[in-house]
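Below you'll find the structure, written out as structure tokens, and then a few comments.
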Amino acid sequence: MTVRTLIVVPPAIRRGDVFNVRATIGHPMETGHRSDGAGGVVPRDILRRFECRLDGNTVFRATLYPAIAANPIMAFTLRAERSGNLTFTWEGDRGFRHSETVALNVGA
Amino acid sequence: MRVPGLLLAALLALGASGDARKSGIDFMSPSLQAMQRDDAQNPGQLWVREGQALMARVAANGQRCIDCHAGAALDGVAARYPRLDGRRAITLAGRIDQCRERRLGLAPQGSDGDEVLALSAWLAQRSRGTPIAPDPRLADLRQRGAQLWRQRFGQLNLACTQCHDERAGQRLGGAPIPQAHATGYPIYRLEWQTLGSLERRLRGCLTGVRAEPFAPGAEEWLALEAYLMGRAAGLAHEGVAVRP
């Protein structure tokens with residue numbers, strides 16, 4: 001199944017303003033502690049790292065753990081001096097890796 | 001004490017100002033309400049986006065949903081199901097499955113299939129704010145649903161009406177008991193950590209009273225859905241709702 005993401009960045013930002021960024025991703029965040037109903041354990045499948053880069057420079061980074069619920073939402077604030085590209089990257093178990101890029105428009 | 005049907009009818013007739021009916025959203029905390037109303041926070045929007053993409057996808061037989069359903073033709077439809085389709089009643093999920101099977105040549109998935117949920121969510125989003133308008137031709141089915149609503153089930157020997165009519169607004173453990181108006185399906189339920197259909201929600205209540213749920217796609221689910229939509233007539237559809 002395709003990876004679903006939802007990224008919300010203000011359409012226009014004034015230079016130096018603090019603004020909110022929200023990034024949600026569809027992911028089961030399987031803890032690795034649940035029974036599979038047949039005596040076994042459902043293997044762990046979680047996201048481990050989240051990173052947001054502005055033109056290659058890391059501006060926000062998080063480590064995720066099994067207690068975080070499915071479809072995690074990352075909400076944080078940023079301040080930008082110039083326009084650029086915001087790249088969101090999620091990495092996780094079973095070689096999971098997904099990236100999305102959103103343009104950031106900073107006015108005068 | 002039994003609430004006389006006349007009193008209930010009188011309450012319903014009072015109109016919006018004196019309407020004693022409250023949607024499930026009114027029983028939630030302010031932060032959860034904000035989560036539902038803000039599209040940037042509502043996780044159901046993940047499915048809405050996918051549904052939008054599915055509408056334009058070209059199936060193996062070369063057909064797309066938007067070839068038939070263009071423009072605003074589908075706005076508000078989620079508030080009008082279940083409907084009569086030929087001689088049988090059909091839910092919105094059933095309709096989606098039927099269309100996928102007949103027009104796109106895809107295998108049916110049932111109301112909790114990935115693609116059916118995504119398309120249901122997209123349709124629910126386009127029905128946000130539309131008053132729920134049940135199909136008047138389904139009176140018999142609604143009556144059957146009303147009967148099931150009042151029937152005691154399971155080892156706990158409870159009927160839907162005992163909690164959701166007689167004790168609505170009180171608490172079951174720590175959780176408020178809502179009036180059970182189906183105004184925002186499919187819902188993103190935090191307990192499930194995913195999107196789910198009304199059938200799944202009803203199944204949860206049946207296993208909760210330790211009854212054996214009806215078979216998937218059984219007539220009973222359809223009757224209960226028809227009854228619940230009739231009971232919620234006139235309330236606004238909430239789009240993809242969030243529930244605890």
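The values are calculated or read from the model by the stated rules, or taken from the named source; none is laboratory data. This one's a predicted model, so the numbers in the text were calculated from it and none came from an experiment. FYI the Cβ positions are ideal-geometry reconstructions off the backbone, even for glycines, and counts take in every protein chain you see.
Name the one entry in B:234, B:204, B:208 that is under 15 Å from the mean Cα position of the chain (by Cα), free of Cβ contacts under 8 Å to residues at least 60 places away in the same chain and surrounded by fewer than 16 Cβ atoms within 10 Å (Cβ to Cβ).
None of the others qualify; the one that does is B:204.
Criterion first (surrounded by fewer than 16 Cβ atoms within 10 Å (Cβ to Cβ) and either within 11 Å of the chain's Cα centre (by Cα) or within 12 Å of chain B (Cβ to nearest Cβ) (or both)) does residue A:48 satisfy it?
Judged against the criteria, residue A:48 is a match.
Can you tell me which residue is nearest to the chain's Cα centre (by Cα) among those in region B:105-116 that are buried (at least 17 other Cβ atoms within 10 Å of the Cβ) and not in a loop (DSSP other than H, G, I, E, B)?
In this case the residue turns out to be B:116.
Among the residues of region A:64-108, what is the count of those that are free of Cβ contacts under 8 Å to residues at least 40 places away in the same chain and either basic (Lys, Arg) or assigned to a loop (DSSP other than H, G, I, E, B) (or both)?
Number of matching residues: 8.
Check region B:66-75 and report whether any residue there is assigned to a helix (DSSP H, G or I) and either modelled with pLDDT of 95 or more or charged (D, E, K, R) (or both).
yes
Taking residue A:83 as meeting all but one of (1) more than 14 Å from every other protein chain (Cβ to nearest Cβ); (2) over 19 Å from residue A:11 (Cα atoms); (3) hydroxyl-bearing (Ser, Thr, Tyr), write down the number of the exception.
Exception for residue A:83: condition (2).
Out of region B:43-65, which residues are out of contact with any strand residue (DSSP E or B) (no Cβ under 6 Å at 6 or more places or on another chain) and either outside any helix (DSSP H, G or I) or away from every other protein chain (no Cβ under 14 Å) (or both)?
B:55, B:56, B:57, B:58, B:59, B:60, B:61, B:62, B:63, B:64, B:65 - these are the residues of region B:43-65 that are out of contact with any strand residue (DSSP E or B) (no Cβ under 6 Å at 6 or more places or on another chain) and either outside any helix (DSSP H, G or I) or away from every other protein chain (no Cβ under 14 Å) (or both).
Condition check ((1) of a type in the set (S, T, N, Q); (2) more than 28 Å from residue A:27 (Cα to Cα); (3) within 16 Å of the chain's Cα centre (by Cα)) across all residues:
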residue	(1), (2), (3)
B:137	no, yes, no
B:167	no, yes, no
B:187	no, no, yes
B:193	yes, no, no
B:212	no, yes, no
B:229	no, yes, yes
